[in-house]
Amino acid sequence: MHHRFLDKNKEQSLKKFITILFLLFFTVNIYAQKSIMMWMDATANFERLSTKDSVEYYLKKCKEVGITDVVIDVKPITGEVLYKSEIAPFLNKWKGYTRPANFDLLQTAIEEGHALNIKVHGSINVFSGGHSQFNRGIIYTTHPEWQSQNYLDTGIVLISGIKTKLSGMLNPANPAVQAYELSILAELVKKYPLIDGIMLDRVRYDGMEADFSTLSKKIFEKYIGKKVNNFPTDIFSYKKENGKNIKIPGKLYKEWLEWRASVIYNFFKKARAVAKQNNPIIIFGDYTGAWYPTYYEVGVNWASNKYDVAKDYPQWATKKYQQYGYAELLDLYSSGCYFYEVTTKEVQDSYSIKAARSEAGMSNQKAPWYSVEGSAEMAMNITMKAAPLLGSVYVEQYKQNSEQFTKAMQMCLDKTNGLMIFDLVHIVERNWWSTIKNLQKN
């Protein structure tokens with residue numbers, strides 16, 4: 001009896017071992033192919049994605065080349081939305097084209113995407129409320145008081161008056177702005193219960209110059225527990241050197257950067273709670289640029305809260321800055337490796353920047369992380385596997401060089417948990433579908 005009992009235990013152990021091996025094999029096969037996401041910008045694809053047949057056609061094209069996820073942008077930088085909302089203004093006309101009144105892009109994409117086994121995410125540009133090229137958006141109509149007030153070398157000015165800016169950014173620290181944006185998020189998640197995920201974009205400040213309103217000053221004073229006697233020069237001032245105005249940090253410079261990071265972090269906490277309250281299984285995602293060493297300029301710490309920022313960047317990060325890393329709040333993160341140079345070696349060997357570095361927070365310095373490879377590796381290191389990370393490419397940067405584009409996409413797949421492609425419009429215009437299809441996706 002004793003020996004039979006031992007044999008039975010061995011048999012059960014063997015069955016457990018076989019089961020574990022099967023599960024491991026099954027899991028490896030499920031995740032053998034990495035996620036590949038196609039972003040579909042709201043205005044760039046406005047007419048293209050205005051009928052059921054067209055949406056079905058492009059989703060089938062995506063499926064044919066191995067796309068697993070699509071992002072439908074439903075709140076562009078104007079602050080308007082592409083669905084009937086009780087909160088935000090409705091965008092049903094763009095550049096002279098009017099969509100059919102009964103057409104619902106996101107619902108159509110969800111239905112057609114799910115029929116093809118494609119995950120569908122909705123994207124909203126959170127803290128943008130205007131398009132400066134068209135003087136269009138809520139900062140020009142219903143809420144001009146919400147717009148960012150930027151501190152330039154000429155003084156503090158409204159962002160609507162700075163025509164070099166494309167996005168009319170809002171003040172993220174304004175409680176009314178946050179409440180408004182959270183209400184849109186809640187409405188979107190409730191309106192589309194079968195949506196797979198939400199991708200937030202532009203959850204940030206406009207730049208180092210934002211926001212220097214009286215309201216921001218008061219909220220900052222409450223955060224640090226004292227009055228700011230010389231505002232804004234206690235944050236930074238301008239000094240002319242070699243014909244250029246450069247920023248000189250003031251005595252509260254690092255505390256200001258810390259506070260702005262806390263504003264964005266706390267908004268993410270609220271946004272995640274709102275999304276999950278309305279749909280517990282929704283994928284809560286975010287996009288940012290991958291140039292972390294200068295991303296503090298837009299008030300964002302997308303790293304893991306376990307990453308010691310001050311150790312690597314003592315010139316701008318306080319010890320407390322680390323607490324406001326929000327990677328752990330995400331279910332999915334897309335990091336914009338928006339550089340022409342694919343390898344770190346290309347950056348070192350290059351004598352010129354081959355694609356404009358015009359995104360918020362970018363600089364023209366020659367550093368390894370200003371490459372797809374370097375930025376992808378950095379992003380993976382500092383997020384510390386807190387959430388699946390998709391390395392992202394901006395198609396337009398490669399112009400007619402499909403070989404370089406292919407290298408960039410493959411680098412993202414090799415170095416991160418997947419790939420995000422921005423944007424559908426550029427793939428269509430160049431007919432670069434085959435470049436995606438021929439990638440090594442495992």
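A residue that is within 17 Å of the chain's Cα centre (by Cα), crowded, with 17+ Cβ neighbours inside 10 Å and either farther than 26 Å from G391 by Cα or among the small types (G, A, S) (or both) occurs somewhere in region 273-284. The residues listed here are I67, I72, I87; of these, the one that is surrounded by 15 or more Cβ atoms within 10 Å (Cβ to Cβ), assigned to a loop (DSSP other than H, G, I, E, B) and at pLDDT 95 or above is I67. Mind checking whether some residue in region 183-193 is surrounded by 13 or more Cβ atoms within 10 Å (Cβ to Cβ) and under 21 Å from E297 (Cβ atoms)? Looking through region 183-193, none of the residues is surrounded by 13 or more Cβ atoms within 10 Å (Cβ to Cβ) and under 21 Å from E297 (Cβ atoms). The condition (being touching a helix residue (DSSP H, G or I) at 6+ places or on another chain (Cβ under 7 Å), among the polar types (S, T, N, Q) and in the same structural domain as S371 (by TED's automatic domain parsing)) is satisfied by just one residue among N301, N266, N229: N301. When restricted to residues that are loosely packed, with under 12 Cβ neighbours inside 10 Å and among the acidic types (D, E), region 217-264 contains 1. Does region 403-414 contain any residue that is surrounded by fewer than 22 Cβ atoms within 10 Å (Cβ to Cβ), at pLDDT 95 or above and touching a Phe, Trp or Tyr at 6+ places or on another chain (Cβ under 6 Å)? Checked against the condition, which is being surrounded by fewer than 22 Cβ atoms within 10 Å (Cβ to Cβ), at pLDDT 95 or above and touching a Phe, Trp or Tyr at 6+ places or on another chain (Cβ under 6 Å), region 403-414 yields at least one hit. Does W433 meet the test of being touching a residue at least 24 places away in the same chain (Cβ under 8 Å), of a type in the set (F, W, Y) and surrounded by fewer than 19 Cβ atoms within 10 Å (Cβ to Cβ)? Judged against the criteria, W433 is a match. Has region 396-418 got at least one residue that is in contact with a Cys (Cβ under 9 Å, 6 or more places away or on another chain) and closer than 27 Å to M208 by Cβ? No, region 396-418 contains no residue that is in contact with a Cys (Cβ under 9 Å, 6 or more places away or on another chain) and closer than 27 Å to M208 by Cβ.
Note on region 168-182: residues that are over 23 Å from T43 (Cβ atoms) and either in contact (Cβ under 8 Å) with a residue 24 or more places away in the chain or not assigned by TED's automatic domain parsing to the domain that holds S213 (or both) total 6.
In region 229-244, the residues that are farther than 18 Å from E297 by Cβ and hydroxyl-bearing (S, T, Y) form Cβ pairs under 9 Å with partners that are modelled with pLDDT of 95 or more and in a loop (DSSP other than H, G, I, E, B), at six or more places apart or across chains, as follows: T233/G250. When residues in region 118-167 are screened for being acidic (D, E) and either farther than 16 Å from D211 by Cβ or not assigned by TED's automatic domain parsing to the domain that holds P249 (or both), 1 of them pass.
A count restricted to region 345-374 and to residues that are touching a Gly at 6+ places or on another chain (Cβ under 8 Å) and at pLDDT 95 or above stands at 1. Against the definition (at pLDDT 95 or above, among the charged types (D, E, K, R) and in contact with a Leu (Cβ under 9 Å, 6 or more places away or on another chain)), how does E145 come out, yes or no? Judged against the criteria, E145 is not a match. The residues of region 413-442 that are among the basic types (K, R) and over 19 Å from Y287 (Cα atoms), listed by number, are R430, K437, K441.
For region 119-128, indicate whether the set of residues that are surrounded by fewer than 21 Cβ atoms within 10 Å (Cβ to Cβ) and either modelled with pLDDT under 95 or closer than 24 Å to Y83 by Cβ (or both) is non-empty. Among the residues of region 119-128, at least one is surrounded by fewer than 21 Cβ atoms within 10 Å (Cβ to Cβ) and either modelled with pLDDT under 95 or closer than 24 Å to Y83 by Cβ (or both), which makes the answer yes. Across region 98-156, the number of residues qualifying as among the acidic types (D, E) and in a loop (DSSP other than H, G, I, E, B) comes to 2.
Of all residues in region 147-198, those satisfying the criterion of being among the hydroxyl-bearing types (S, T, Y) and out of contact with any Asp or Glu (no Cβ under 7 Å at 6 or more places or on another chain) are T154, S160, T164, S167, Y180, S183, Y192. Which one of these does A101 not meet: (1) touching a strand residue (DSSP E or B) at 6+ places or on another chain (Cβ under 9 Å); (2) closer than 30 Å to C62 by Cβ; (3) at pLDDT below 95? Only one criterion is unmet by A101, namely (1). In summary, I77 fulfils each of the numbered conditions (1) within 23 Å of the chain's Cα centre (by Cα); (2) outside any loop (DSSP other than H, G, I, E, B); (3) not hydroxyl-bearing (S, T, Y) with the single exception of condition (2).
The values are calculated or read from the model by the stated rules, or taken from the named source; none is laboratory data. As the structure is a computational prediction, the values presented were derived from the model and not from experiment. For neighbour counting, all protein chains shown are included, and Cβ atoms are generated from backbone atoms with ideal geometry for every residue, glycine included.
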